[in-house]
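Here is the structure we will look at, set down as structure tokens.
The values are calculated or read from the model by the stated rules, or taken from the named source; none is laboratory data. Because the structure is a prediction, the values reported are computed rather than measured. Cβ placement follows ideal geometry from the backbone for every residue including glycine, while neighbour counts extend to all protein chains displayed. When the accessible area is computed, the model is the full protein with side chains, heavy atoms only, and any ligands, DNA or RNA have been set aside. Shrake-Rupley method; radii C 1.70, N 1.55, O 1.52, S 1.80 Å.
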Amino acid sequence: MLRRAIRSYGGTFARAIGSAGGAYGGIPKETADVVVIGAGVVGIAVARELALRGREVLVVEAASTFGTGTSSRNSEVIHAGIYYPPKSLKASLCVKGRKLLYKYCCERGIPHRQTGKIIVATSFAEIPKLEHLLRSGKENGIEDLRLMEGFQSMQMEPELQCVKALLSPSSGIVDSHSFMLSLVGEAENSRTTFSYNTTVIGGHIEDNFLHLHIYESKGLQDGTNDAQLLPQFVLIPRLVINAAGLSAVPLAKRFHGINQGILPTAYYARGCYFTLSKTKTPFSHLIYPLPEDGGLGVHVTLDLIGIVKFGPDVEWIDGVDDISCFTNRMRISMVFLDWLICSE
């Protein structure tokens, strides 16, 4: 798969340079200009931008298509930029990114809606936290935030119960798959090549270049520990973008020769959603509680066909393969759903 992708990729920099030596003797290797690891929304967007700037880009993705990880498992919310600390990079990028995302979607006909968001205080003790969010949001450059009394918010959303609320008119929702499909198309039109079912199992530094160890994904599906495998192929890019999502930090730890002390620590949390079905949509805005440690709290989100979701909750786990709490949560979920059905 990757060899075919490289031949398709071509370019002035990609070229065969024989077989790897040393510990990887006999393994074919080739060079490339830019390699992006991961075809989630971040990887695709980076690949598109670099391709538009004239770089020759190869995207390698372990799954069979793009956007199968966290990019397709989220609330699909366009955030205004309220929650990040004032003057932080995250805050400025969120505010700027929100404006660019609406513009991009409007220009290309990508389904989206500026629904607005209501963040609620359900007790008087929560009002100071709500006022703090208002101040932070304004410092981040969000000009349209408005604090409302409980009765005002309930006039907008009759099913809502709260003592005070913060309205964010610029929050919204987007069809994440349509967005990613557009990015992929534009990247490919700018000569980006996508190689799916292609896993980066590790790498090493040699001659001041990161050599990526490649293995076809189908060969890893039997549970083999990829850290113990010799690569089927070695790829040597000028520039590497690690956009592997939840696997980004564990993958970077398998790049031998990189200073491990500069790598961030990964903390993993899992969340579950509930879908409200067989009823008329009770809300027209996104409804959020005050944020909690590790997340924004169990909130109400809408999708573009009117389905209401509640979630996600937050449960800290040891790693991406920790499914024990998920199994327990599924049992709790079934009980909760039974209660919902009985209480209707």
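Quick look at the numbers
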| read-out | value |
| --- | --- |
| Condition met for Val59 (β-branched (Val, Ile, Thr), open to solvent by less than 30 Å² (accessible area, probe 1.4 Å) and farther than 15 Å from Phe179 by Cα) | yes |
| Any hit, region 108-117, residues being in a helix (DSSP H, G or I), within 25 Å of His177 (Cα to Cα) and either touching a helix residue (DSSP H, G or I) at 6+ places or on another chain (Cβ under 6 Å) or modelled with pLDDT of 95 or more (or both) | yes |
| Set Pro264, Pro250: member being part of a loop (DSSP other than H, G, I, E, B) and either out of contact with any Gly (no Cβ under 7 Å at 6 or more places or on another chain) or surrounded by fewer than 18 Cβ atoms within 10 Å (Cβ to Cβ) (or both) | Pro264 |
| Criterion violated by Tyr84 - all others in (1) part of a helix (DSSP H, G or I); (2) in contact with a Cys (Cβ under 9 Å, 6 or more places away or on another chain) satisfied | (1) |
| Ser247 being more than 30 Å from Ile119 (Cβ to Cβ), under 18 Å from the mean Cα position of the chain (by Cα) and either small (Gly, Ala, Ser) or modelled with pLDDT of 95 or more (or both) | yes |
| Check on Val42, buried (at least 22 other Cβ atoms within 10 Å of the Cβ) and hydrophobic (A, V, I, L, M, F, W, C) | no |
| Residue that is most open to solvent (accessible area, probe 1.4 Å) [pool: residues in region 115-149 that are more than 21 Å from Gly172 (Cα to Cα) and in contact (Cβ under 8 Å) with a residue 60 or more places away in the chain] | Lys129 |
| So Pro231, is it out of contact with any Leu (no Cβ under 6 Å at 6 or more places or on another chain), at pLDDT 95 or above and crowded, with 17+ Cβ neighbours inside 10 Å | no |
| Inter-residue pairs, beta-carbon under 9 Å, first within 13 Å of Ser75 (Cβ to Cβ) and at pLDDT 85 or above and in region 308-321, second of a type in the set (Ser, Thr, Tyr) and crowded, with 16+ Cβ neighbours inside 10 Å, 6+ apart | Val308/Thr301; Lys309/Ser75; Lys309/Thr301; Phe310/Thr301; Gly311/Ser75; Gly311/Thr301; Pro312/Ser75 |
| Residue check, Ser195 of a type in the set (Gly, Ala, Ser) and surrounded by fewer than 20 Cβ atoms within 10 Å (Cβ to Cβ) | no |
| Checklist (1) crowded, with 21+ Cβ neighbours inside 10 Å; (2) at pLDDT 90 or above; (3) within 30 Å of Ser217 (Cα to Cα) applied to Ala20, failing item | (2) |
| Residue that is surrounded by the fewest Cβ atoms within 10 Å (Cβ to Cβ), among those in region 69-96 that are more than 14 Å from the chain's Cα centre (by Cα) and without any contact (Cβ under 8 Å) to a residue 40 or more places away in the chain | Leu89 |
| Condition check for Ser168: surrounded by 22 or more Cβ atoms within 10 Å (Cβ to Cβ), among the polar types (S, T, N, Q) and closer than 22 Å to Ala80 by Cα | yes |
